Amino acid sequence: MKRSSSAAALAAVAAAVVLGACGSGTDASSQQREQARVTPVERVDLNKPPRELTCAEVNDPTTFNPLIARVAATLARGIELNATVTQIKARIQYALLEICKKASDPEHRPALDAAEAVRRGKYVTELG
């Protein structure tokens, strides 16, 4: 019986070592998991001025929708065309994508170029 109590004690020590190695949840991997829970959209400043939008943000699929929609809506207010606001916003979104495809600098700020190109009629979408 002495052997079984020694084996049980050894198993208890081994379990304590394993559990101790797991840590209390404050290690680096735990912090990384916590940061990963924050969605990319939450990391984007949706209140930034449209002029500060960069091609890196336009090309990032995780931030594209909310940020670009806001920028397009803001820029569309200043454009007068024979089109609906929805059509103008779609044109601006298309222009932003096309301008950033051609830009070699991810920090290029395409908003004003896109608005001007839409005013000139360079970018037209199937919406109008």
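What follows draws every value from the coordinates through simple rules; no lab data is involved. Just so it is clear, the structure is predicted and the values come from calculations on it, not from any experiment. Quick reminder, even Gly has a Cβ in these numbers, built from the backbone with ideal geometry, and neighbours come from all protein chains shown.
A few points about this structure:
- Loop-located GluC sites (Glu not before Pro) across region 55-128 with a Cβ neighbour count of 10 or fewer within 10 Å are E80, E107, E126, with loop assigned by DSSP.
- With a cut-off of 17 Å on the backbone N, the residues of region 69-86 near the modelled label site 7 Å out from V124 along Cα-Cβ are 80-86.
- Cross-link pairs exceeding 19 Å in C-alpha to C-alpha distance, out of K89/K122; K102/K122; K48/K122, comprise K48/K122.
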